1. Hey, can you tell me all the residues within segment 164-184 that are near ligand 1 (Cβ under 8 Å from one of its atoms) and more than 16 Å from Leu207 (Cβ to Cβ)?
2. Just need a number here: residues in segment 48-65 that are surrounded by fewer than 13 Cβ atoms within 10 Å (Cβ to Cβ) and either within 14 Å of Ile27 (Cα to Cα) or not charged (D, E, K, R) (or both).
3. Restricting to segment 99-138, count the residues that are more than 8 Å from ligand 1 (Cβ to nearest atom) and surrounded by fewer than 20 Cβ atoms within 10 Å (Cβ to Cβ).
4. For segment 119-128, which positions are within 13 Å of ligand 2 (Cβ to nearest atom) and either part of a helix (DSSP H, G or I) or under 20 Å from Ile71 (Cα atoms) (or both)?
5. Can you find a residue in segment 271-279 that is modelled with pLDDT of 95 or more, within 16 Å of ligand 2 (Cβ to nearest atom) and of a type in the set (A, V, I, L, M, F, W, C)?
6. Between a residue in segment 177-191 that is without any contact (Cβ under 8 Å) to a residue 24 or more places away in the chain and any residue that is of a type outside the set (A, V, I, L, M) and buried (at least 23 other Cβ atoms within 10 Å of the Cβ), which pairs come within a Cβ distance under 6 Å, given they are 6 or more apart or on different chains?
7. Within segment 166-188, can you find the residues that are farther than 20 Å from Glu265 by Cα and either outside any helix (DSSP H, G or I) or not β-branched (Val, Ile, Thr) (or both)?
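The values are calculated or read from the model by the stated rules, or taken from the named source; none is laboratory data. Please read all numbers here as calculations on a predicted model, not as lab measurements. For neighbour counting, all protein chains shown are included, and Cβ atoms are generated from backbone atoms with ideal geometry for every residue, glycine included.
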Amino acid sequence: MKIRKIIDKHTHEIEFLKIAQLEKKLINNISNNDILIFDRNIAEIGLIKKLLKRFPKRSIVIKGHEKIKNIHNYSSIIEKIIKLGVQRKTIIYSFGGGTLGDLSGFLASTILRGVEHVMIPTSLLAMVDSSIGGKTGINSKFGKNLIGTFYLPKKVFICSDFLKSLPKREIACGYAEIIKYSLINSKQLHKLLIKKSKGDINKIIKLSINSKLKYVSDFREKLKSKNSRAILNFGHTIGHAIENSNFYKGNLKHGEAISLGMIVELKISSLLNYYPKRVDDLIEILKKYNLPVNYNKYVNKKTIPSLIKKITFDKKVINEDVNIALVGKNGGFIKKISIRDLKSTLNQIK
Ligand SMILES: NC(=O)c1ccc[n+]([C@@H]2O[C@H](COP(=O)([O-])OP(=O)(O)OC[C@H]3O[C@@H](n4cnc5c(N)ncnc54)[C@H](O)[C@@H]3O)[C@@H](O)[C@H]2O)c1
Ligand SMILES: [Zn+2]
C-alpha cells in the first residue's frame, strides 16, 4: 500500500519539457545550497553552459562512462560535496546518461542519509529506463550494480531536445530497451515502431515509461507477482551472458548485447511453444533501429557452455533452476527452467 503510494507519487513527478521550459524551471528553482552534477559530453549545450556559469562553485562535471560507477569515485565525489557544504534541504540535480544518473542517485541517497535528487536524463536509455523506478548503484569488482539503494528521485525532467547531440550508436542502445517494452507489454508501442515514418520520439518515450511503471511497483522484485520487475529482464539473461563472457573481447554496448539476447530469448519462447509469431519480425525491427542481429556469432555450439556458466553465476542458480523472462501470446512472463533444459533449448536454436 505504502509502496504503491510512493510509486504513484513518482509517476506524477515525471515531467516532459522543451529545453526553454526546462531552463526557466531550473533557473527559478536551483538555489545556492544545491549541487549540480553534469556529464562532460553535454557541457557545450547552451542551457548547461548557463548553469555552469551561474553555479560554478556548486557544479561537478564528470565524463559519463561505466567506469565512473565505482567505490573510489563515489568516495572522492561524496567528500568533495561534503566539503562544498550540504544541508538537509540540499537538492542534487544530475544531468547525464544512465551511468551518471545511477552514481548521482546513490550519492543523493547516502549523503546525510538521503537528500532530494532531481534527475535530468540526457541519453535515450536514461530517459526510458534508468531514470525510472528508483534503482541507484555502482559496480563492485565482482560485478555490476552490486552496491546500491532503492531511492526514487523527487522529480524526473524529460527533455528530448538533449537527444540532438547523442551519438547514433547510443540512440540505438536506447531503442533496444524500447523494443523490449513493445514485446513485453505494449502493442501501441509496437505499432509505432513498425511504422515506416519516424515516430514522435516524445510519444515513444512516454509509452516506454508507462510500460516500465507497470512493473516497478514490485519494488523489491518479488518473482511470484504477475507484474514482476524481473519481466523487464527480457533479453537480459542471454544479453548479460554475452556482455560478460570471457570469449567475447569486442566492445559490444549493453543495448547491442540486449538486441542479440532478445532474439535468442524469443527463439527460446518459440521453441518452448509460447511464442506463436515469427521471430524474423523482431529481427527486422532491430535492424531498422541500427541494432546488431548476428546472434549466431555469440550463441553457437562452441560458446553455449561458457554462456551457461555465466548465467549460473549471474543468477545465483539454486537447485539447478533459473528464472528467465520469456514472451508469449500475451506478452512477458517469468518461466522457471532447469539449466539442463535451457542448455538443450539453446543447442536447438538455428
Ligand atoms: N537504474 C536503473 O534502473 C538502470 C536501468 C538501466 C540501465 N542502468 C544503467 O545505465 C547505464 C547505461 O546508461 P547510458 O546508456 O545512458 O550510458 P552513459 O551514461 O555511459 O551514456 C552513454 C554515452 O552518451 C553520452 N551522453 C549522454 N547524454 C548525451 C547527450 N545528450 N549528448 C551527447 N552525449 C551524451 C555519455 O557521456 C556517454 O558517453 C549502465 O550503467 C546501466 O547499468 C540503470
Ligand atoms: Zn538493459
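1. Lys164, Ser165, Leu166, Pro167, Glu170, Cys173
2. Number satisfying all stated conditions: 3.
3. Result for segment 99-138: 6.
4. Once the filter is applied, which keeps residues that are within 13 Å of ligand 2 (Cβ to nearest atom) and either part of a helix (DSSP H, G or I) or under 20 Å from Ile71 (Cα atoms) (or both), segment 119-128 yields Leu124, Leu125, Ala126, Val128.
5. no
6. Listed by first residue and then by second, the contacts come to Leu189/Tyr181; Leu189/Ser182; His190/Ser182.
7. Passing the criteria: Leu166, Pro167, Lys168, Arg169, Glu170, Gln188.
Yes/no per residue for (1) among the aliphatic types (A, V, I, L, M); (2) away from ligand 2 (no atom under 16 Å from the Cβ):
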| position | (1), (2) |
| --- | --- |
| Leu100 | yes, yes |
| Leu103 | yes, yes |
| Ile111 | yes, yes |
| His117 | no, yes |
| Ser130 | no, no |
| Cys173 | no, no |
| Ile178 | yes, no |
